[in-house]
Amino acid sequence: MNQPPGPDQQRELVRQIGAVLTAQLPPGWRQLRVEYRAAGRHVETDLLVTGPDGVPRPASPHPEAVRLLGVLRSGMYRPGLGTWLGAILVFEPGLESPSADFVRPDLEPPFRRPPPPIGFQDELRFFPRAEEHIPGWLRERAGLTPPAAGGEVRTPRIYDGLDASGRPLIRRQPLPPAEAEQVLAYLDAGPVILASRSNGPDAFAPDRTDAVPMNFRTDGAWAWPGAVAYYLREHGVPPDPDLVAHIRARRFTAPAEVPEPAKDLALAAITGEQP
């Protein structure tokens, strides 16, 4: 396995990047400015070349220089902390040490074109970070759920009580069909954190004795039983209004990944056991 480049090798990489890029410049150039931004496989490389007339003009980067910039970024990864997502290198003729400014790993560089969520998800896969070193903007861009506030995970009410005959009561506004589909998709997207091999009885259809999924899912902020999605799908019963409000606030987009510590907190909220 190759070892990541050390400081001397990093400086050598910067020198190589400059050599590759300046080799394609016309005589008399005064300055070469390189702006590199990356998130996972999403890469942007912008060049500005100042010619003899003092006017900076954009230029196309050499593919080898782009590759070396990626090697440099990978080599500066620090376990648990991540690596930078943006850098600015400035080269000038006769200047032995180019100017190099690396954006702090907790800051988002000004991307020319916003990377898709998969770019930021790949970023966290390629360069893993400890929970405390994933800034809010990166968590949001990657579609990750925020850590539960104060370590609390909420659980919903399945219905609003029972009538005199023991049948469940519903005192909630029904969801429009289109929104119900979005809510169902969100509920079904949460990872299962607890499951039984058997199903339970349907409280709204007593003849269905083996119909309701006996599992729990979570998005890191809420933990809900399979009955919530089942009753919405089968009987049009809207979920707990607070859970619906939460899903709406997230624009019906479930987190791409729920961290293991958040799953542990959700499981503790269900079982009452400490994580």
*Might you report the magnitude of the Cβ-based charge dipole of the chain about its Cα centre, with Lys and Arg at +1 and Asp and Glu at -1, to the nearest 20 debye?*
420 debye
*Mean Cα-pair separation over length for the chain, i.e. relative contact order, pairs under 8 Å, 6 or more apart, %*: 14 percent
*For the charge dipole of the chain, defined by +1 on Lys and Arg C-beta atoms and -1 on Asp and Glu C-beta atoms about the Cα centroid, which residue among Ala65, Leu138, Gly190 has the Cα displaced farthest towards the positive pole?*
Ala65
_Read-out semi-axes √(5λ) of the Cα gyration tensor in Å, derived from the coordinates shown; its label in [x] 54, 19, 13; [y] 33, 29, 14; [z] 28, 20, 17_ = [x]
*For Thr253 and Glu131 in one chain, what is 0.36 nm times their gap in residues minus the Cα-Cα distance, to one decimal in nm?*
41.8 nm
_If I take every Cα pair under 8 Å that is 6 or more residues apart in segment 27-90, average their sequence separation and divide by the length, what percent do I get for the relative contact order?_
36 percent
*Could you tell me which trypsin sites (Lys or Arg not before Pro) in segment 112-190 are loop residues by DSSP with no more than 15 other beta carbons within 10 angstrom of their beta carbon?*
Arg112, Arg157, Arg171, Arg172
*asked:* At 222 nm, what value in deg cm²/dmol follows for the chain if DSSP H runs of at least 4 each add -39500 (n - 2.57) and the sum is divided by all its residues, to the nearest 500?
replied: -10000 deg cm²/dmol
*Estimated FRET transfer efficiency (Asp163, Arg197; beta-carbon r; R0 25 Å; 0.05)*: 0.20
*Between exposed GluC sites (Glu not before Pro) in the chain, where DSSP calls loop and at most 10 other Cβ atoms lie within 10 Å, what's the longest gap?*
153-272
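Since every read-out is calculated from the coordinates, none of them should be taken as a lab result. What you see is a predicted model, and the numbers here were worked out from it, not measured in a lab. FYI the Cβ positions are ideal-geometry reconstructions off the backbone, even for glycines, and counts take in every protein chain you see.
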